[in-house]
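Trainee: The following block contains the structure, expressed as structure tokens.
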Amino acid sequence: MALVPYEEGRALQDLRRPTATYRFAGRNVRIQQDWERHGVAAVVWDAAVVLSAYLEMGGIDLRDRSVIELGAGTGLLGIVATLL
Ligand SMILES: C[S@@+](CC[C@H](N)C(=O)[O-])C[C@H]1O[C@@H](n2cnc3c(N)ncnc32)[C@H](O)[C@@H]1O
């Protein structure tokens, strides 16, 4: 189990931004977010960022694999998996 420090003010600011940009697999990935209209379904969750970083580290070998992302939300993880 992991305990992650959570600053509510800063976290909510990030969720309310219209875009969130990440760098994975040597590429900039810009995700559109819409907290006001779709809430939790239209923002990038920290879990997607952490798992994307894990995949990038080689935590799971994705070569020649088919992957389905359930509950993709904004799709960051699926995009990163495809880039890798
Ligand atoms: C907690 S969010 C996480 C989104 C994304 N995986 C991330 O980490 O940024 C859960 C997502 O699952 C979607 N979801 C919930 N129930 C679903 C269902 N029955 N079928 C498909 N998607 C669903 C929600 O719309 C939301 O986008």
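The values are calculated or read from the model by the stated rules, or taken from the named source; none is laboratory data. Since the structure is predicted, the reported quantities are computational estimates derived from the model, not experimental observations. Remember, those area values only see protein heavy atoms, side chains included, never the ligands or the DNA or RNA. Shrake-Rupley method; radii C 1.70, N 1.55, O 1.52, S 1.80 Å.
Trainee: ³J(HN,Hα) across segment 36-42 via Karplus (A = 6.51, B = -1.76, C = 1.60, θ = phi - 60°), whole Hz, x for Gly/Pro?
Mentor: 5, 8, 10, x, 4, 7, 10
Trainee: Would you mind checking which residues have amide H under 5 Å from residue 24's amide H? H placed 1.01 Å from N; only 5 or more apart, or other chain.
Mentor: Under 5 Å from the amide H of residue 24: 29.
Trainee: Moving to a separate point now. Under 8 Å for C-alpha pairs, at least 6 residues apart: give me the relative contact order for segment 8-83, rounded to a whole percent.
Mentor: In percent, rounded to a whole number, it is 27.
Trainee: Any idea of the accessible area per residue across the chain, 1.4 Å probe, to the nearest Å²?
Mentor: For the chain, the solvent-accessible area averages 79 Å² per residue.
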